[in-house]
Amino acid sequence: MSLKLDRRELLLGAAGVGAARVFAADSNPIFPGLDEFIERYMRAMNAPGMTLALANSGGVVRVKTYGFADLEARAPVTPELLFEIGSITKSFVALALLQLKDEGKLDLQRPVLDYLPWLPVETNYGTITTHHLLTHSSGLPNSLGLFLSDPSARHVQAFQPGQRFHYCNLGFAILGHLIEKLDGKPWPDSIRDRIFRPLGMSSSEAVIAGHNRARTSRSYVPLIDDIGYAGHDPLAPAGNLVFDDAAGSIVSTAGDMGRYLQMLLRKGQALLPAASFAQFIQPYIEAKELSPTASYGYGIGVDKLDGHTLLRHTGGMISFASAMHVDLDSGVAAFASLNVQLGYRPNPVTEFAVRLMRAQMEGKDLPKAPDLPDPMAVKNPGDYLGAYTSPDNRKIGVVPESGGLAIRLGGETIRLRAAGEDAFWAMKPDLRRFPFVFGRAESKVVELAHGAHWYTNPNYAGPRTFPPTGALEPFTGHYRGDSAWTGSVRVAVRKGQLWIGGDPLVPIGKALFRIGPDGPDTVEFLYVAEAKARMMKYDGADLWRVEAP
């Protein structure tokens, strides 16, 4: 169903239910501007509901909920409902490991294989330590499954540990097992005893399962999930999830997360001594995947906001999206979570909330709400305009359209929506199996690709003939996994090589490819029968060919 809410519904939930309950007086002058911005943000993001926590070092300042936990029943989000916080879980993992270090049970620089010799990993580029796993610098792929369906298979390292940042959920899955080994109990129990109980986070749990389903907000996914999402597409309720992976399995309420924010603002008080908290927030490695100015500490991003030291992290689950901003210098923080995951995180909400609280505390004029980015608007649209021609003389035009771009194809003019740097989704479902991806040479746009189709403009001066691709054709097609995490993956061949979206597949074996030129993520094609690969392993996850367009 499409989300259609009026302003009162977004702010209060279903009429008369009073979902917008708070833990503090709701008359603070910063709140109306924040609520108005959140209303606009949720509409722009097609988000059914949201939960919010604001805190300072003295405690939880505000808990508020917006919109619906159940669209069909028009049931509002309430403060008691659990939301999946996703990868914000990683900071909890890091805190528990630092406690174990302080207890003399863990050496952060000791090889992790000394503790867990059974790990299915190959470390050809160097020894992996807990420090490397905590900082996403191990060289391992970003897999969500530690144990592979083939017991002889291994996760293969791709670069020297400590060399660079590559976001790695697999590393935190390993760290969950390390906590279990050192603490003598399942890692969710360890987090409960080490963090939840000391902080009074009495509603939170570190496993997503049926027993807490009734306490969790209903959540939503695109109704059609095997094509690119182009904004305000119909939604459908997400299915049940059972998940205990330490990369992102904590569920929490906004009130509990407010207590967590307070602990961070108090620099680990009640959990860590000052020296260990300093290790937690040390910017060990540049992490531009988080933001252009971010580094990464132990399970937490370390950044700057208006010159202030900022702790930040986001969490993206199958059907939840969360964000956390903690201004250590000003002593204010915010957490927000949406019950939908459409490729966005509520960073604009938490960042604006922190700026509002800081300005009020410092006695300064309140900042204006930020402009929400228009996904139909295009920066420097002139870069892309013009006629593009394929090697077999098919034509496609790129034209301006209401401050953005459109393509002219087959007599139709179709708007484009931003999908990343130089990438766009067409506002026509049949064309959203692949993004439209522009290529540059010396900063000038010279080519355009869409699935197996490749076009160039008059500025293109590169090669126009490529090696034969007959041996690659069996690998092309649509693959689908049983896991909700994998979804659909489509593979095409163009310019003499295989592609997934805008990423080239670089051969490193007979049917094994690296995604991109030098990353650790891989795909492998198996069971070629009747000139078609019937199975794909994507970072070790199993997907199967489906004869669907």
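Taken together, the values in this text are just the output of simple stated rules run on the coordinates, not laboratory data. It should be emphasised that the depicted structure is a prediction, and the values quoted were computed from it without experimental measurement. Ideal geometry is used to build each Cβ from the backbone, glycine not excepted, and the neighbour counts take in all protein chains shown.
Sites listed here are GluC sites (Glu not before Pro) in region 24-124 whose DSSP assignment is loop and whose Cβ has at most 15 other Cβ atoms within 10 Å: E72, E80, E103. Packing here is the average count of other Cβ atoms within 10 Å per residue, and on that basis the peptides 322-331, 424-433, highest first, run 322-331, 424-433.
Within the chain, the whole DSSP H helices whose Cα atoms reach 18 Å or more along their own axis and whose mean Kyte-Doolittle score is at least 0.5 are 89-102, 169-183. When the square roots of the Cα gyration tensor eigenvalues are ordered a ≥ b ≥ c, the ratio a/c for the chain is 1.5 or more and a/b does not exceed b/c, which makes its shape oblate.
Note on region 411-432 and region 296-328: Cα centroid distance 31 Å, given to the nearest whole angstrom.
Protection proxy ranking for 441-448, 169-176, using the average of other Cβ atoms within 10 Å per residue and placing the highest first: 169-176, 441-448. Taking 0.36 nm per intervening residue step and subtracting the Cα-Cα distance, what contour gain separates D244 from T413 on full extension? Extending this stretch completely gives an extra 56.2 nm. Quote to one decimal, in nm, the extra length available between Y167 and E286 on full extension: 0.36 nm per residue of separation minus the C-alpha distance between them. Full extension of this stretch gives 41.7 nm more.
Between L512 and E421, what FRET efficiency follows from the Cβ-Cβ distance if R0 is 25 Å, with the result rounded to 0.05?
The formula returns an efficiency of 0.35 here.
The lysines within cross-link reach of K364, meaning a Cα-to-Cα straight distance under 30 Å and a gap of 8 or more places when in the same chain, are K64, K267, K304. Taking a ≥ b ≥ c as the square roots of the eigenvalues of the alpha-carbon gyration tensor, region 381-456 is classed rounded because a/c is under 1.5. Between N142 and D521, the built amide H atoms are under 5 Å apart, and every one of these is 5 or more places off in sequence or on another chain. Remark: the Cα gyration tensor places region 48-101 in the oblate category, a/c being 1.5 or greater and a/b not exceeding b/c.
With the simple model of a label 7 Å out from the Cα in the direction of the Cβ, A461 to N28 spans 5.8 nm. Around the Cα centre of the chain, unit charges on the Cβ atoms of Lys, Arg, Asp and Glu (plus for the first two, minus for the last two) sum to a dipole of about 420 debye. Applying the Karplus relation 6.51 cos²θ - 1.76 cosθ + 1.60 with θ = phi - 60° to region 377-382 yields 3J(HN,Hα) values of 7, 10, 6, 6, x, x Hz, where x marks Gly and Pro. Annotation: aspartates and glutamates with alpha-carbon distance below 13 angstrom to K105 (same-chain offsets under eight excluded): D114, E180, D183. Close amide H contacts of L405 (hydrogens built in the peptide plane, cut-off under 5 Å, sequence separation of 5 or more or a different chain): L416. Under 24 Å of direct C-alpha separation, and excluding same-chain neighbours fewer than eight residues apart, K532 reaches these lysines: K495, K510.
Once the chain from L526 to L223 is taken as fully extended at 0.36 nm per residue, the excess over their C-alpha distance is 106.1 nm.
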